[in-house]
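Since the structure comes first, as C-alpha cells, the remarks are kept for the end.
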Amino acid sequence: MTLANPKGTLPGLGYAADFKDLQSLSNGADASWIAQIRERAWTKFAELGFPTARRGNERWKYTNLAPLAKVDFRLARPDVSHAPDLLKIKALAPWDDAWTTLVFLDGRFVKRLSRPSGADCVALDLAAGLRARRDIAEQHLTRVQAVDEDHFTLLNTAFAEDGALIHIPDGASPAPIHLLFLSSDSETPQTCHPRALVVAGKNSHSNIIESFVSLSDQSQNFTNIVSEYYLDEGAKVSHHRVLMENERSFHIGNTRVYQLRDSTFDSVAFATGQAIGRNDVHVKLDAEGAECNLAGLYMTNNKQHADNNISVTHEKPRGTSHQYFKGILAGQSHAVFSGIVVVKPGAAKTYADQKDLNLLLSRGAEIDTKPSLEILADDVKCFHGATAGHVDQDTIYYMRSRGLDLETAKSMLIRGFASEVAAKVKLPALSRYIEGVIDQLLPEFALEGKK
Amino acid sequence: MPLLEVKNLHARVTGADKDILRGVHLTVNAGEVHAIMGPNGSGKSTFANVLAGRPDYAVTDGNIVFDGKELVGTPPEDRALSGMFLAFQYPAEIPGVRPWQFLKAALDARAQFEGRPKLSVREFSKLYEETVKDIGINPDLMQRSLNEGFSGGEKKRNEVLQLKVLKPKLAVMDETDSGLDVDALKAVSAGINSMRSTDRSFIIVTHYQRILEYVTPDRVHILVAGRIVQSGGADLAHQVERTGYEKFIKTEATV
Ligand SMILES: Nc1ncnc2c1ncn2[C@@H]1O[C@H](COP(=O)(O)OP(=O)(O)O)[C@@H](O)[C@H]1O
Ligand SMILES: [Mg+2]
C-alpha cells in the first residue's frame, strides 16, 4: 500500500508541541530505540496529515475525517490518582472479578484499579512489559504492523507511551484478560494512543477483551489504538471488542492479526455511540489451516458514524475465514462496511465468506456496504453478500396479530436481529453486559419510524 | 349472541380504488366451525386479514362485531388480546427470535391484558414442550429462529402450536392445509380438532375440501369475487369437490 495519497489535513500545532514534549521526556538510554521509531513515524505523519481527501482516498471513501482533523486534540496527561472508583467503573463497563483486568485512564495504566494475572501468563502494562519481557516486545512490536501501515498507525506509533503486553505461553489457557480503556471527563479535547501487543503461544487458548468506555457524555476524546495479535501454531484467541465511547468522541481502532498454522482467531466486535468510530481489522492467515471468524454488531443513532474496514488475506492453503457483520441504524446515523477477502496465489482450498446485513430504522439512516473478493488462486470457495432493509411490515403485523403492541414487536424484531451476533459472545459477564446495553438502547431504536 | 357477526363488509387495499371484499355477511356462533371456500383470488385471505386487522387493508363499509365489540378501526393486537387468532397462510420469519420466545411474549401480553399472572418460565416450558410433542414438531426446530428454514408443513404446525397455547375464542385458519403432505395434514387437523369446544369457534379458509375431511365443518360458505354466493352444510364442500368452482362463478356473474 502506498501512502502517497492526495493531500490530507495537517495535524494542528498542539500535536507538534505534544510530540516535542514527549520526545524530550523519554530520553533515557533504554528508550532510545523507541524514540527512533517514534521520530520516524511522526515525521511521516506530519507530512501526510489526516487522510481527509474526498477523492482518490479509497480507504476513507465513506468516512469523512474532517470533523476529527479540525479539532486540535491535546495529548492526554491524566492524573491517575483521580481515576474513578471501582463501583463507578463496574456500573459503566463490562467486569468480572475472575478476569485479569488492566484499566487505563486516557491511555495511562491505572494499577490501583487493575487485577493482575496469574502466573500462567504475562499481562502487563507496556512499561512493565518492556522491562519484564523486552525480548517479546522487540521481536513483535513492529512486526505485525509493518506489513500494512497507515496514517493512524503512524500517529499511534509517534505517541504510544502506554498500553499492554500480553504473552500467553505455549499450551496455556489463562483466565480472560480485559483491557479496559476509560476516557476521562476532561473539559478540553484530549487524545491518547494506546498500544496493545498480544502474543499467543503454540496451542494456547485465551480470551481477550478490549473495551472502550467514556466516563462522561460531554467530554470529547479521540482514542487511537493499535492492537496487534500474533498467533503461533495451534493457538486459539477469542477476541472481543466493546466500543462504547460517547457521541462527541472519535475512535480509530486498528486491530492487526497475524496467524500461523492451524491457529484460530475468533472475534466479536460491538460498537455504539461515537461521532466517528472506526473498526479496522486486518488479518493475515500466513500458514496452512489457519482460521478466523470475525463478527460485528454496530448500532448507530442520531448523528453517529460507525465504520468497519475489514480485510482477511489468505496467504497459504486450507485457510478458512468468516465475516459476519450486522448493523442497526436509526436517526441520521451513517454506517460503513467495507470488507475484503484476498486469496493469494497458491492459497488453494481456501474457504471464505463475508456477510453484512443491515436493518435501517429511519429514513435518515444511511449504510454503505461493500463486501468484496480478490481471488488469485484456484480451487477456492468464496461467498459474499450484503443486505440493507427497513423493518418488514408483514413481520410486524404477524407479531401484532399475536397480541404484541407495535413497540414490543419492533423491539423484539431488533433484539432478534442483534442477537444473532450477540449470541456469539461466550463469556457470561460480557454477554450480560452487551445484552444489557442492547436492552437500554432498544426503546429509543424501536421508537424510530413512528415519526 | 353470536361470537362473530360480519355485516355487509367491504374492504380494499389501502389506497386502491376497488374493493376486494364486496359485501360479506357471516354469522359465527360460539362452538361452530365454518369453512370459507373459494377459487384463488376470490378474497379469502383478504377476509381473514381484515378480521385480524391487517393495517394495509381499509374497510370501506360494513361492520365486524366480535364478542359484542366493533372491531373495525381497532389495531390487530387489540383483536388478538380479545381472543382473535389468525393462522397465517404465509407466517413471517423472525431472525434471532426462538419460537418459544415469541410465544411466551404473546402469552404474557395476553395474561397482562386479562389481569392474570404470567406463567413462570418453568410452567411455560412444560406447557410448551407438551404441546410441541402433541403436534409432532421436531424439538430441534424450536432451537432455530422462528419459521426460518422451516418447511411449509413445519410453519403450519408451528401456527397450530401457537393456536393450542394461546387458546383463542375464534381461530381463523388461512390455508393451513395447503402444501401439506398427508401426515402433516392429519397432525394439523388433529391439532384443530383437539381445540374444538363449545366456547371456541373456527373459520377454516381453504381452496380445497381436503382438510374438511378431517375437520368437519358446521357450515360451508363459497366466496367468489368478494362475496359469499352460497352457504350450506358440510355437503356443500363435497359438491365443490365434484363440480369445482365454475358453477359458483357463473352464479356470481348473474348477480
Ligand atoms: N396487498 C395487496 N395488494 C394488491 N392486491 C391485493 C393485495 N391483497 C390481495 N390483493 C388482490 O385481491 C384479490 C384477492 O386476494 P386474496 O384475498 O389473497 O385471495 P385468496 O386468498 O382467495 O386467493 C386478488 O385479486 C389479489 O390480487
Ligand atoms: Mg389466500
Among (1) of a type in the set (A, V, I, L, M); (2) in contact (Cβ under 8 Å) with a residue 60 or more places away in the chain; (3) open to solvent by 20 Å² or more (accessible area, probe 1.4 Å), the one test that A:Leu406 misses = (2)
When A:Ser411 is run through (1) among the hydroxyl-bearing types (Ser, Thr, Tyr); (2) farther than 30 Å from A:Gly319 by Cα; (3) facing chain B (nearest Cβ under 7 Å), the failure sits at (3)
Test B:Ser194 against the stated conditions and say whether it is touching a strand residue (DSSP E or B) at 6+ places or on another chain (Cβ under 9 Å) and either touching a residue at least 40 places away in the same chain (Cβ under 8 Å) or not in a loop (DSSP other than H, G, I, E, B) (or both).
-> no
Does B:Leu107 satisfy the criteria of being within 14 Å of chain A (Cβ to nearest Cβ), under 17 Å from the mean Cα position of the chain (by Cα) and at negative phi?
-> no
Residue among B:Asn49, B:Asn40 that alone is within 11 Å of ligand 2 (Cβ to nearest atom) and part of a loop (DSSP other than H, G, I, E, B) = B:Asn40
Where B:Val172 falls short, out of the listed (1) away from ligand 2 (no atom under 16 Å from the Cβ); (2) of a type in the set (Val, Ile, Thr); (3) within 14 Å of chain A (Cβ to nearest Cβ) = (1)
In segment B:5-37, what residues are within 13 Å of ligand 2 (Cβ to nearest atom) and either out of contact with any helix residue (DSSP H, G or I) (no Cβ under 7 Å at 6 or more places or on another chain) or closer than 14 Å to B:Phe202 by Cα (or both)?
-> B:Ile36, B:Met37
Working carefully through the options B:Val72, B:Val65, B:Val59, B:Val121, find the one that is away from every other protein chain (no Cβ under 14 Å), surrounded by fewer than 21 Cβ atoms within 10 Å (Cβ to Cβ) and touching a helix residue (DSSP H, G or I) at 6+ places or on another chain (Cβ under 7 Å).
-> B:Val59
Tally the residues that are farther than 30 Å from A:Gln332 by Cβ and open to solvent by 40 Å² or more (accessible area, probe 1.4 Å), restricting the search to segment A:367-379.
-> 6
Kindly indicate whether any position in segment B:36-52 is more than 28 Å from B:Glu241 (Cα to Cα) and within 14 Å of chain A (Cβ to nearest Cβ).
-> yes
Looking at segment B:197-234, which of its residues are of a type in the set (Ser, Thr, Tyr) and within 15 Å of ligand 2 (Cβ to nearest atom)?
-> B:Thr206, B:Tyr208
Within segment B:14-37, is even one residue within 11 Å of ligand 1 (Cβ to nearest atom), under 20 Å from B:Thr176 (Cα atoms) and open to solvent by less than 10 Å² (accessible area, probe 1.4 Å)?
-> yes
Among the numbered criteria (1) more than 14 Å from every other protein chain (Cβ to nearest Cβ); (2) open to solvent by 70 Å² or more (accessible area, probe 1.4 Å), which single criterion is violated by A:Asp392?
-> (1)
Quick one: is B:Ile94 within 13 Å of chain A (Cβ to nearest Cβ) and of a type outside the set (S, T, N, Q)?
-> yes
Expected output for segment A:312-325 (first residue outside any strand (DSSP E or B), partner open to solvent by 40 Å² or more (accessible area, probe 1.4 Å) and not β-branched (Val, Ile, Thr), Cβ below 6 Å, 6+ apart or cross-chain) is A:Glu315/A:Lys344; A:Lys316/A:Glu288; A:Pro317/A:Glu288; A:Pro317/A:Lys349; A:Arg318/A:Glu288; A:Arg318/A:Lys349
Of all residues in segment B:175-196 being within 16 Å of ligand 2 (Cβ to nearest atom) and open to solvent by 20 Å² or more (accessible area, probe 1.4 Å), which is nearest to B:Lys44 (Cα to Cα)?
-> B:Ser178
Every residue from segment A:225-277 that is under 22 Å from A:Leu430 (Cβ atoms) and among the basic types (Lys, Arg) | A:Lys236, A:Arg241
Which of the residues that make up segment B:200-217 are under 16 Å from the mean Cα position of the chain (by Cα) and open to solvent by 60 Å² or more (accessible area, probe 1.4 Å)?
-> B:Tyr208, B:Thr216
Condition met for B:Ala171 (open to solvent by 30 Å² or more (accessible area, probe 1.4 Å) and not in a loop (DSSP other than H, G, I, E, B)) = no
Of (1) open to solvent by less than 60 Å² (accessible area, probe 1.4 Å); (2) among the aromatic types (Phe, Trp, Tyr); (3) assigned to a loop (DSSP other than H, G, I, E, B), A:Tyr62 fails just (1)
Residue, farthest from the chain's Cα centre (by Cα), within segment B:86-95, restricted to residues that are away from ligand 2 (no atom under 15 Å from the Cβ) and open to solvent by 10 Å² or more (accessible area, probe 1.4 Å) = B:Pro95
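The values are calculated or read from the model by the stated rules, or taken from the named source; none is laboratory data. Remember, predicted model here, so these are calculated numbers, not experimental data. Cβ coordinates were reconstructed from backbone atoms using ideal geometry, including for glycine residues, and neighbour counts include every protein chain displayed. Ligands, DNA and RNA are stripped out before the accessible areas are found, and what is left, the full protein with its side chains, is counted by its heavy atoms. Shrake-Rupley method; radii C 1.70, N 1.55, O 1.52, S 1.80 Å.
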